[in-house]
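Single-structure report; data block below.
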Amino acid sequence: MPSIRYGQYLRDTTLVAQSISYNKLAPGITRDTQGKIIPYVAQRIRLQGVDIYRLLKNYTKDRFLEQVKAVLPLAIYMSLFQIFILNRIVEPALSITFGMIGVIIGLMLFIEGLMQGLMPFGETIGNLLPKKSSLPSVLMIAFLLGVGVTFAEPAIGALKTAGQIVSVEKAPYLFALLNDWSGALVLMVGGGVGLAAVLGTLRFLYDWSLKPLIYLSVIPALLVTLYALNDPELEKILGLAWDCGGVTTGPVTVPLVLALGIGIASSAGKGNTKLSGFGIVTLASLFPVIGVMALAIYVRETVPVATILAAANPVATPVGDLPWHETSPGSDIVLGMRAILPLVAFLMLVLRVMLREKIANAGVVTYGIILTLLGMCIFNLGLTHGLSSLGAQTGGLLPGAFTHIPAMEESPLYLYLLGLMIVLLFSWLLGFGATLAEPALNALGVTVENLTQGVFKKQALIRSVSLGVAFGMAIGVAKIIFDLALAHLLIPAYLLALVLTHFSTEEFVNIGWDSAGVTTGPITVPLVLSIGLGVGGAVGVVEGFGILAVASICPIISVLSMGLLAKYRAGRNAREEAACVDIHA
Amino acid sequence: MRGKKPPASISMHEKEFEMNNAKRNITFLTDVCLITCIVQRGLGDTIVQAARDAGAHGATVYFARGSGVRERLGMLGVAVEVEKEVVNIVVATEQMNVVFDNVFLAGQLDTPGMGFMYVTPLEKAATYIPPEVLHKWGIGEKVSP
């Protein structure tokens, strides 16, 4: 009895095969009176329901999963830690879950919108601007773009959220900067990023070495920090100032500024060196420190404490009926609009007025901009209700592991030393895991492996950056718990980094300093900020900023030392080989 | 080290040949054809899996950029990736139809924008063929079990 496989049977009965000649389908050529071919325009394709479903499924699946991979492990890790180690359930669970979904969907829409809507602007402007304008006006545009992208950075919303937790009595100037002066604060950060964009562009054009630029930006930042150390009020702002650097190097700033820089360099026929893409991230995270401290000094000199307290009091008392744009869903949407629309308007203005160009594919770009807007609003909502809420909660409960806190009656849960170890280990693992999963770091690893001809392996870079961030997180949390002065941690660390920089090769200086910026994505930043503020609030210190700052400098040190080690090993191997040859000869 | 040094100009290939001191064989495969399938970036693995399920031995994937249907889909065009993966699968002519159908169905190529595939006849091919397989068809020396 002949047998047939069921699959084969199904295929034979359902798959109907026919043939048709392509000659019948190919369009005929039409010619005009002079015999020239009239270009053929294909007709629109009509889609059926199932086709739309298949296309959209493919389109959304990967982009969705990418964000899920970034958010879900962190959320699960924190929830499990809170439930099993801290014995507290996550509440309100429903609102946090929806918040997390909001973060995932928001980020997915935002990134896709960025690719479809804003990147074409950056590339077109970068390509055309240098041809049509002089260098000073090009640099002016680069500066303004730097300011604009800072406002559009999703993590900047986290600063606003953080500002609501700071106590006005304990740190009046910090409170003032984050609330009344928050616009000016973001503007100063943006100014720093703008300056970095200008210098980065010049670096593209003239192939400058990064080392002097680093000395020129780190040394003033350290001097400002030293100055602030003498003033108890200014000292409280140091954490915020150094953290701002990490906030700026997110998914909007880096690609847009790079697109502009690369466009300018390529139309000038320069910038072919492999390293020219690096450095902007570094500068964009150092200049804002100086900017924020300058603003802080200005506010300190001009506004007395009493004015801040007086202005803060009506805010501090909860008012039942705030206008719609200041309560949660409304404020998040307003914040999202305010972040994106100015940037889009600025890009449009440059393109239409300065360059007199139309954007190609206007429909797709509009779609991208709408996605960006929608994504930013949803992301902000998710940030408020999910990510920041979870971070602040876990952060607030963390000290309960080793000391008594009012929020937890049965605390301390563990012996002092054991509890402290648990908390530090938690921060260490959080830093390690979050960095290991960062897709941008993987991309950097591939670049680095190519650049160094395999001397510095991708895995080695990922490992050293992750270890750096992990130790940075642990030290940062320890800084908040023991209320250490941030300056005492940062100044020696940056001095060490400067010494390492002096001895490192140009490649490793570029890679090392940029690796810090890569790790501070739109999910890590709000999470770490809110954990820090939560811990700070629970142990009763003045401010909980500074974790990001420490977590940024540690990978720089670890990568630079790894680079020196690799160089030393390569040198030793070369010497040994030379010795071997001698013996054989 | 051996006592006799090979001359400096000799290539690795020739050196190996000399050291083996044996004739080398090349066995041509005939009745082969090439199935090429172009799909959106990220979907190449589905295609490779479908081809292997239908009996293909392997596949080569490379990246490319394509255009065509994307521009004709209107707003939904953004859902079609411009970056493509080109999957090359070499199969026996008798396998060709099964692999072709399986790949077509797995890649959902009956939806606009999902991709394109075609078959090219190949004159001959050559690769590693296990000696016992060769022997079974009366080619090469007998292999001790």
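The values are calculated or read from the model by the stated rules, or taken from the named source; none is laboratory data. A quick note: this is a predicted structure, and the numbers were derived from the prediction, not measured. Cβ placement follows ideal geometry from the backbone for every residue including glycine, while neighbour counts extend to all protein chains displayed.
For segment A:10-43, the set of residues classified as closer than 27 Å to B:ARG41 by Cα and surrounded by 10 or more Cβ atoms within 10 Å (Cβ to Cβ) consists of A:LEU15, A:ALA42, listed by residue number. Once segment A:535-565 is narrowed to residues that are more than 25 Å from the chain's Cα centre (by Cα) and at pLDDT below 80, the residue that is farthest from A:ILE481 (Cα to Cα) is A:VAL542. Among the residues of segment A:358-378, those that are away from chain B (no Cβ under 14 Å) and either surrounded by 15 or more Cβ atoms within 10 Å (Cβ to Cβ) or of a type in the set (A, V, I, L, M) (or both) comprise A:ILE359, A:LEU373, A:LEU374, A:GLY375, A:MET376, A:CYS377, A:ILE378. A:THR253 passes every criterion in (1) at pLDDT 75 or above; (2) of a type in the set (S, T, N, Q); (3) surrounded by fewer than 20 Cβ atoms within 10 Å (Cβ to Cβ); (4) farther than 20 Å from A:VAL218 by Cα apart from (3). Screening A:PHE84 with (1) more than 30 Å from A:SER427 (Cβ to Cβ); (2) loosely packed, with under 10 Cβ neighbours inside 10 Å gives one miss only, at (1). Reported count of residues in segment B:101-113, each being more than 10 Å from chain A (Cβ to nearest Cβ) and either modelled with pLDDT under 90 or closer than 11 Å to B:ALA51 by Cβ (or both), is 3.
Would a scan of segment A:460-474 turn up a residue that is more than 30 Å from A:VAL224 (Cβ to Cβ), assigned to a helix (DSSP H, G or I) and more than 20 Å from the chain's Cα centre (by Cα)? Yes - at least one qualifying residue is present in segment A:460-474.
With respect to the conditions (1) within 14 Å of chain A (Cβ to nearest Cβ); (2) at pLDDT 95 or above, B:LEU34 lacks only one, and its number is (1). Taking segment A:1-110 and the helices (runs of 4 or more DSSP H) fully enclosed by it, the elements with 1 or more residues that are more than 13 Å from chain B (Cβ to nearest Cβ) and more than 50 Å from the chain's Cα centre (by Cα) are at A:6-14, A:22-25.
Taking segment A:128-234 as the region of interest, the helices (runs of 4 or more DSSP H) fully inside it that hold 1 or more residues being under 18 Å from the mean Cα position of the chain (by Cα) and surrounded by 19 or more Cβ atoms within 10 Å (Cβ to Cβ) are A:135-152, A:156-163, A:182-206.
Working carefully through the options A:THR394, A:THR452, A:THR384, find the one that is buried (at least 17 other Cβ atoms within 10 Å of the Cβ), under 28 Å from A:GLY102 (Cβ atoms) and in contact with an Asp or Glu (Cβ under 8 Å, 6 or more places away or on another chain). Of A:THR394, A:THR452, A:THR384, the one residue that is buried (at least 17 other Cβ atoms within 10 Å of the Cβ), under 28 Å from A:GLY102 (Cβ atoms) and in contact with an Asp or Glu (Cβ under 8 Å, 6 or more places away or on another chain) is A:THR384. If you go through segment A:433-446 and keep only what is surrounded by 13 or more Cβ atoms within 10 Å (Cβ to Cβ) and in contact (Cβ under 8 Å) with a residue 40 or more places away in the chain, you end up with A:GLY433, A:ALA434, A:THR435, A:ALA437, A:GLU438, A:ALA440, A:LEU441, A:LEU444.
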